[in-house]
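Worksheet: the structure to be examined is printed underneath.
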Amino acid sequence: MKLDFTVKQNNRKLILIFAGWGMNPAPFSNIRLAGHDIAVIWDYRDTALDIKALSGYTDIYLFAWSFGVYMASQVLASTGLTPTVKVAVNGTLRPIDDTEGIPSQIFRGTLENLSERNLDKFYRRMCKNAESFASFSANRPDRDIEGLKEELIAIENAYSHDDPGSHAAADWDRAVIAGNDRIFPPDNQRRAWRTLQRTRIIEDGAHLPDWQTLIEQEIIDKSLVAQKFSRSAATYDDNADVQRHIAEKLWLLWQKASPAPPLSILEAGYGTGMLTRLYMSKWHPYRVSLWDLAPVEIELPEAGEIIAGDAEELIRLIPEGYYEAIASASAMQWFDSPERWLHNAAQALTAGGIIAVSTFGPDNMHEIAKITGMPLRYYSVEELAAMTPAGCRIISVEDEHITKEFDSPREVMHHLKLTGVNAMRNTPTDIRRLISDYPMTGGKACLTYHPIYLIIQKEEK
């Protein structure tokens with residue numbers, strides 16, 4: 001495999017793209033995302049990869065496309081590379097398969113009949129329309145036919161000698177499937193990812209995605225999250241009744257799990273202090289650290305501190321055993337990797353310490369997600385429970401569904417604005433369509449919240 005950087009500006013975050021067959025870095029050369037370097041892995045004639053160039057990045061966002069999905073899974077298994085997020089795009093872990101990949105007859109036909117003319121046909125079938133093909137052609141890979149045949153043979157050999165059971169769908173954070181994919185049959189992709197809940201179907205999408213839009217949709221823009229919450233800070237408490245209920249329930253579960261009031265508490269994403277005021281008023285901890293992307297002033301003890309920043313980055317800096325309790329209410333859904341954050345939080349806990357978090361599950365705001373096709377990376381109760389760090393045990397995990405009723409879809413949109421809870425970037429659906437297509441039930445526009453509560457205790461040594 002070859003690895004080339006298309007953007008290298010010494011950023012701490014990296015977007016790593018495993019390209020499909022027949023590619024080189026050229027089709028990805030125009031992709032940009034502030035604060036991120038970008039690298040492309042391509043040419044699978046040699047199925048080994050030296051990952052030394054990837055060291056030093058705090059976060060790696062892996063996007064694997066087409067045959068690159070399978071090749072990425074091999075690299076992950078053989079190198080121990082641990083990306084923050086892994087997204088499979090229009091490909092499967094069984095690349096040559098009649099029911100879960102490209103049918104073997106079509107694969108053999110492509111290999112045996114490959115020519116410049118047929119390669120051009122392949123590229124056209126890969127694209128959504130004439131405009132997409134023209135854009136692709138402007139940065140078309142310069143690859144020779146013999147080299148492309150060798151690449152197909154290498155992929156076939158690697159797969160034929162592999163154990164398909166060693167690559168699990170559950171290891172991926174998201175699968176994106178194009179409804180009009182004419183290379184990897186969409187039905188085969190659906191079967192291949194059937195056990196992965198976080199699958200997104202782009203109904204009018206083609207095999208070649210709009211990479212810029214896709215990456216902007218899949219990587220959470222935390223600056224946008226901060227901006228929307230900052231704008232809604234003055235109206236949040238008066239309108240976030242669901243979030244208040246969640247904070248109160250989390251507080252009750254946290255109290256039940258705590259053998260004694262903790263003297264030191266870290267709260268990540270404290271917002272306007274709904275949870276903070278609850279435990280401060282009863283426990284009176286000596287040391288409190290409050291973190292938020294958009295911090296607001298709140299009364300603290302003498303040894304208290306408020307820090308503006310990304311909780312996923314800040315938690316890495318905390319010494320082992322520094323806090324007796326770590327909490328987060330309605331914020332973890334904005335984390336790139338909740339699992340890694342929980343692992344780091346557990347390290348920062350004293351023995352016997354408690355992690356108390358609430359986040360949201362797959363049904364959260366499903367009414368909006370159905371229209372936009374843009375759900376966040378929500379995890380199920382079972383998936384969150386499976387993220388429990390080593391050396392910890394679950395005290396309690398539960399979820400609930402809360403439905404708010406509004407007189408009109410426009411009131412739903414107004415509610416979201418006043419609370420700042422919808423911070424998706426680059427949503428292709430405009431507000432008029434959200435309002436016109438919003439489902440009505442019994443004359444009401446309903447909005448579903450799906451909170452999940454997780455209480456974890458670090459075991460005594």
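Here are the numbers for the structure shown:
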{"item": "Test result for ILE371, more than 20 Å from SER396 (Cβ to Cβ) and assigned to a helix (DSSP H, G or I)", "result": "yes"}
{"item": "Qualifying position, being within 30 Å of LEU224 (Cα to Cα) and either modelled with pLDDT under 95 or not hydroxyl-bearing (Ser, Thr, Tyr) (or both), among ASP43, ASP120, ASP59, ASP50", "result": "ASP59"}
{"item": "Yes/no for ILE394 being at pLDDT 95 or above, among the β-branched types (Val, Ile, Thr), surrounded by fewer than 21 Cβ atoms within 10 Å (Cβ to Cβ) and assigned to a strand (DSSP E or B)", "result": "yes"}
{"item": "Among the candidates ALA168, ALA192, residue that is under 29 Å from GLN333 (Cα atoms) and either touching an Asp or Glu at 6+ places or on another chain (Cβ under 8 Å) or polar (S, T, N, Q) (or both)", "result": "ALA192"}
{"item": "Pairs, first touching a residue at least 24 places away in the same chain (Cβ under 8 Å) and under 16 Å from TYR453 (Cβ atoms) in segment 391-414, second polar (S, T, N, Q) and part of a loop (DSSP other than H, G, I, E, B), C-beta under 8 Å, six or more apart", "result": "ILE394/THR388"}
{"item": "Filtered residues of segment 426-446 (kept if of a type outside the set (Phe, Trp, Tyr), touching an Asp or Glu at 6+ places or on another chain (Cβ under 9 Å) and at pLDDT 85 or above)", "result": "PRO439, THR441, GLY442, GLY443, LYS444, ALA445, CYS446"}
{"item": "Segment 286-309: number of residues that are part of a strand (DSSP E or B) and surrounded by fewer than 14 Cβ atoms within 10 Å (Cβ to Cβ)", "result": "3"}
{"item": "All positions within segment 16-55 that are touching a residue at least 24 places away in the same chain (Cβ under 8 Å) and under 25 Å from LEU314 (Cα atoms)", "result": "LEU16, LEU33, GLY35, HIS36, ASP37, ILE38, ALA53, LEU54"}
{"item": "Enumeration of residues in segment 180-198 that are surrounded by fewer than 19 Cβ atoms within 10 Å (Cβ to Cβ) and modelled with pLDDT under 95", "result": "ARG194, THR195, LEU196, GLN197"}
{"item": "From the options GLU339, GLU382, GLU367, GLU324, residue that is charged (D, E, K, R) and at pLDDT 95 or above", "result": "GLU324"}
{"item": "Some residue of segment 262-279 being β-branched (Val, Ile, Thr), closer than 30 Å to VAL69 by Cβ and surrounded by 19 or more Cβ atoms within 10 Å (Cβ to Cβ)", "result": "no"}
{"item": "Residue ID - nearest to ILE455 (Cα to Cα), chosen from residues in segment 312-351 that are of a type outside the set (A, V, I, L, M) and assigned to a loop (DSSP other than H, G, I, E, B)", "result": "SER330"}
{"item": "For LYS249: the one exception among (1) modelled with pLDDT of 95 or more; (2) touching a helix residue (DSSP H, G or I) at 6+ places or on another chain (Cβ under 7 Å); (3) among the charged types (D, E, K, R)", "result": "(2)"}
{"item": "Those helices (runs of 4 or more DSSP H) lying entirely in segment 56-135 with at least 1 residues more than 18 Å from ARG198 (Cβ to Cβ), of a type in the set (Lys, Arg) and without any contact (Cβ under 8 Å) to a residue 12 or more places away in the chain", "result": "104-112, 116-126"}
{"item": "LEU250 touching an Asp or Glu at 6+ places or on another chain (Cβ under 8 Å), under 23 Å from TYR449 (Cα atoms) and not in a loop (DSSP other than H, G, I, E, B)", "result": "no"}
{"item": "Verdict on ALA77 being modelled with pLDDT under 95, of a type in the set (A, V, I, L, M, F, W, C), farther than 17 Å from LEU148 by Cα and within 23 Å of the chain's Cα centre (by Cα)", "result": "yes"}
{"item": "Criterion: modelled with pLDDT under 95 and farther than 22 Å from ILE307 by Cβ - qualifying residue of THR272, THR235", "result": "THR235"}
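Rundown of residues vs (1) among the β-branched types (Val, Ile, Thr); (2) buried (at least 23 other Cβ atoms within 10 Å of the Cβ); (3) not in a loop (DSSP other than H, G, I, E, B), yes/no style:
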| residue | (1), (2), (3) |
| --- | --- |
| ASP4 | no, no, yes |
| ASN11 | no, no, no |
| LEU16 | no, yes, yes |
| ASN24 | no, no, no |
| ILE31 | yes, no, no |
| ILE41 | yes, yes, yes |
| ARG45 | no, no, no |
| ALA48 | no, no, no |
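For every residue, the table says whether it meets (1) of a type outside the set (Asp, Glu); (2) in contact (Cβ under 8 Å) with a residue 40 or more places away in the chain; (3) over 26 Å from ASP399 (Cα atoms).
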site	(1), (2), (3)
TRP254	yes, yes, no
ALA257	yes, yes, no
PRO261	yes, no, no
LEU275	yes, yes, no
GLU313	no, yes, yes
ILE318	yes, yes, yes
TYR322	yes, yes, yes
LEU349	yes, yes, no
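The values are calculated or read from the model by the stated rules, or taken from the named source; none is laboratory data. Small disclaimer: the values here were computed from a predicted structure and weren't measured. Every residue, glycine among them, receives a Cβ derived from its backbone with ideal geometry; neighbour counts consider all protein chains shown.
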